[in-house]
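Structure, as structure tokens:
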Amino acid sequence: ACTGIENIDEAITLLEQNNWDLVAAINGVIPQENGILQSEYGGETLHGPAYGPTSHSTAASSTPSSSSAFRHVVPSRQIVERQPRMLDFRVEYRDRNVDVVLEDSSTVGGIKHILENELQIPASKMLLKGWKTGDVDDSTVLKTLHLPKNNSLYVLTPDLPPPSSSHSGALQESLNQNFMLIVTHREVQREYNLNFSGSSTIQEVKRNVYDLTSIPVRHQLWEGWPPSATDDSMTLAVSGLTFPCHRLTVGRRSSPVQTREQSEEQCTDVHMVSDSDGDDFEDATEFGVDDGEMFGVASSALRKSPMMPENAENEGDALLQFTAEFSSRYGDCHPVYFIGSLEAAFQEAFYGKARDRKLLAIYLHHDESVLTNVFCSQMLCAESIVSYLSQNFITWAWDMTKEANRARFLTMCTRHFGSVVAQTIRTQKTDQFPLFLIMMGKRSSNEVLNVIQGNTTVDELMMRLMAAMEIFSAQQQEDIKDEDEREARENVKREQDEAYRISLEADRAKREAQEREMAEQFRLEQIRKEQEEEREAIRLSLEQSLPPEPKEESTESVSKLRIRTPSGEFFERRFLASSKLQVVFDFVASKGYPWEEYKLLGTFPRRDVTQLDPNKSLLEVKLYPQETLFLEAKE
């Protein structure tokens with residue numbers, strides 16, 4: 001209204017040049033003599049046309065000779081020069097987003113050309129959708145679409161097959177799998193069986209091995225990694241490991257200043273004090289030597305590694321270290337400890353199918369108890385106990401030595417088993433450890449069947465495990481029976497539901513068939529009625545158009561025709577001998593026998609009258625003075 005600019009592109013360009021300041025954009029276009037536009041920007045006065053309600057009232061009250069503030073003024077091309085306008089496009093294709101920036105003078109085909117390079121899809125196979133102005137083609141100039149600066153589009157490729165999900169599905173399956181890594185410590189010839197999920201990284205494996213072997217990651221020398229495992233940030237699922245079990249070997253990387261004799265001493269865990277200066281060793285601990293070993297005493301004699309870290313991030317990591325440390329102390333013949341949270345352990349034990357459920361055995365370790373070593377080495381690691389636990393129990397362990405770990409377990413125990421069980425464990429003294437808790441899941445609750453203390457024998461331990469197993473077996477049989485009955489009821493219900501569904505489908509199909517049949521009958525009836533109405537209308541029209549029947553005493557020549565119908569009825573009528581044969585045809589049709597469907601036959605001689613010329617008179621076709629005709633339906 002103020003500037004007379006009707007081109008939307010030019011208007012948007014002006015606004016962008018003035019940072020979308022409307023007043024500044026108008027003042028930059030309208031010449032100074034058209035008025036002054038006041039605007040408060042730091043006390044400055046902007047020159048331009050009067051604009052706003054005040055200007056409007058002033059213009060309305062001004063004389064005709066005065067110029068209006070809203071007078072259309074065509075801007076000078078020397079004042080405004082059209083600058084290229086840049087448009088931003090966010091283009092979505094399946095799971096990708098591509099950002100495209102183009103001038104508005106470009107075409108839609110230009111966008112496709114850029115997307116062809118980015119998406120590796122032929123431009124001819126693309127359908128670019130999301131335009132606000134209807135259909136466009138590749139030659140459409142973006143400027144003609146009057147687009148905003150930011151736009152969102154999407155690409156369809158109906159002619160291209162969808163991407164296969166088999167690879168992503170296999171990768172996801174690998175990430176969810178558990179890998180068993182059998183890691184051999186080369187110097188001490190000891191194996192560690194470590195479980196890791198497919199989503200764990202190689203770096204996490206090396207850090208766990210550091211916790212077990214005290215070899216820093218930077219000094220670990222590995223053998224057995226696949227050639228594709230080139231990056232420590234790579235997950236085990238994509239590293240090329242053999243599933244489900246893969247063997248690795250780790251050792252300490254040799255130092256340039258380490259002698260062969262020192263290496264041999266490290267392998268036997270016997271270390272002598274070196275006469276060399278301290279400068280010969282950058283860090284004694286890097287070579288497996290600590291303060292205790294510097295005086296010829298093995299560190300294990302001074303202190304034990306904790307069974308479990310005091311502040312483990314999660315229970316699974318704590319159980320990994322527990323299993324490794326238990327193996328290093330008491331040998332590889334020990335119960336298979338469940339690696340995971342306590343909740344995951346009782347979910348595994350209690351909440352599967354009734355036939356697959358097991359008892360949950362919770363082993364609570366305490367390093368400060370005098371019974372611990374004997375219980376672990378002579379009872380818990382006895383082959384009969386290990387075999388019986390493996391077949392019938394899910395075994396989960398926890399270290400109660402550290403107060404933080406003790407408090408953490410009591411919290412877990414309260415949450416999962418109730419305050420009574422937690423209070424029972426809380427009241428146990430240190431010398432009563434280790435404890436073996438036998439848990440059984442009973443429908444909506446978890447029950448403690450037995451609490452076995454450390455002062456027991458192998459036979460007593462086995463008897464108490466077997467007694468718990470008898471109670472569990474009786475309960476399990478009831479659960480199996482209930483589950484089978486429930487599954488039988490559900491199967492019957494499913495069969496009934498399926499039969500009912502099939503019956504409904506059959507009834508619906510039958511009803512639809514009947515409805516279709518009725519609709520077809522109705523349609524045919526309507527057609528028949530319409531045809532009858534049409535025939536009746538034609539008959540009445542022909543009947544009304546017939547000339548009057550001549551009287552017997554007429555002075556003109558009269559022909560008397562007697563016509564027999566297919567049903568055996570007769571009807572007679574007199575016609576003038578000069579009447580055309582068509583009049584006879586119309587008369588017969590007025591009686592319901594159109595000559596298109598019936599033929600009119602003469603007797604002597606037998607002839608088809610309908611084949612004669614209808615424009616000839618009755619006298620000419622020898623239907624005078626009288627004749628008997630009969631109707632016959634055409635084939």
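Quick one: count up the residues across segment 376-434 that are of a type in the set (Gly, Ala, Ser), free of Cβ contacts under 8 Å to residues at least 40 places away in the same chain and open to solvent by 30 Å² or more (accessible area, probe 1.4 Å).
Of all residues in segment 376-434, those of a type in the set (Gly, Ala, Ser) come to 377, 382, 384, 387, 390, 397, 404, 407, 418-419, 422.
Still in the running and free of Cβ contacts under 8 Å to residues at least 40 places away in the same chain: 387, 407, 418-419, 422.
Add one more test, that the residue is open to solvent by 30 Å² or more (accessible area, probe 1.4 Å), and what stays is 387, 407, 419.
Of the residues in that region, 3 qualify.
Report yes if Thr372 is buried (at least 18 other Cβ atoms within 10 Å of the Cβ) and under 24 Å from His185 (Cα atoms), otherwise no. Give the steps one after another, and end with the answer.
Details: buried (at least 18 other Cβ atoms within 10 Å of the Cβ): yes; under 24 Å from His185 (Cα atoms): no.
Considered against the rule, which asks whether it is buried (at least 18 other Cβ atoms within 10 Å of the Cβ) and under 24 Å from His185 (Cα atoms), Thr372 comes out as no.
The residues of segment 444-477 that are over 47 Å from the mean Cα position of the chain (by Cα) and open to solvent by 60 Å² or more (accessible area, probe 1.4 Å), listed by number, are Asn455, Thr457, Asp459, Glu460, Met463, Arg464, Met466. Looking only at segment 601-635, residues that are under 22 Å from Pro548 (Cα atoms) and either open to solvent by less than 60 Å² (accessible area, probe 1.4 Å) or in contact with an Asp or Glu (Cβ under 9 Å, 6 or more places away or on another chain) (or both) come to 9 in all.
Filter segment 556-600 for residues that are open to solvent by less than 60 Å² (accessible area, probe 1.4 Å), in a strand (DSSP E or B) and aromatic (Phe, Trp, Tyr) and give the result. Hits for segment 556-600 are Phe571, Phe575, Tyr598. Scanning segment 515-570 for residues that are among the aromatic types (Phe, Trp, Tyr) and either in the same structural domain as Phe587 (by the TED database) or within 30 Å of Leu619 (Cα to Cα) (or both) returns a single hit, Phe570.
Let's see how each residue does on (1) touching an Asp or Glu at 6+ places or on another chain (Cβ under 6 Å); (2) under 30 Å from Arg357 (Cβ atoms); (3) aliphatic (A, V, I, L, M):
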residue: Ile452; (1), (2), (3): no, yes, yes
residue: Ala468; (1), (2), (3): no, yes, yes
residue: Arg489; (1), (2), (3): no, yes, no
residue: Lys529; (1), (2), (3): no, no, no
residue: Ile538; (1), (2), (3): no, no, yes
residue: Val558; (1), (2), (3): no, no, yes
residue: Pro566; (1), (2), (3): no, no, no
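Matching residues to (1) farther than 30 Å from Val588 by Cβ; (2) in contact with a helix residue (DSSP H, G or I) (Cβ under 7 Å, 6 or more places away or on another chain); (3) open to solvent by less than 90 Å² (accessible area, probe 1.4 Å):
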residue: Asn491; (1), (2), (3): yes, no, yes
residue: Ala506; (1), (2), (3): yes, no, yes
residue: Glu515; (1), (2), (3): yes, no, no
residue: Glu520; (1), (2), (3): yes, no, yes
residue: Glu532; (1), (2), (3): no, no, no
residue: Arg539; (1), (2), (3): no, yes, yes
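Inside segment 122-136, residues that are touching a helix residue (DSSP H, G or I) at 6+ places or on another chain (Cβ under 7 Å) and either modelled with pLDDT of 85 or more or of a type in the set (Ser, Thr, Tyr) (or both) make up a count of 5.
The values are calculated or read from the model by the stated rules, or taken from the named source; none is laboratory data. Just so you know, these numbers come straight off a predicted model, no measurement behind them. So basically every Cβ, Gly included, is an ideal-geometry build from the backbone, and we count neighbours across all protein chains shown. Please note that ligands, DNA and RNA were not included when accessible areas were found on the heavy atoms of the full protein model with its side chains. Shrake-Rupley method; radii C 1.70, N 1.55, O 1.52, S 1.80 Å.
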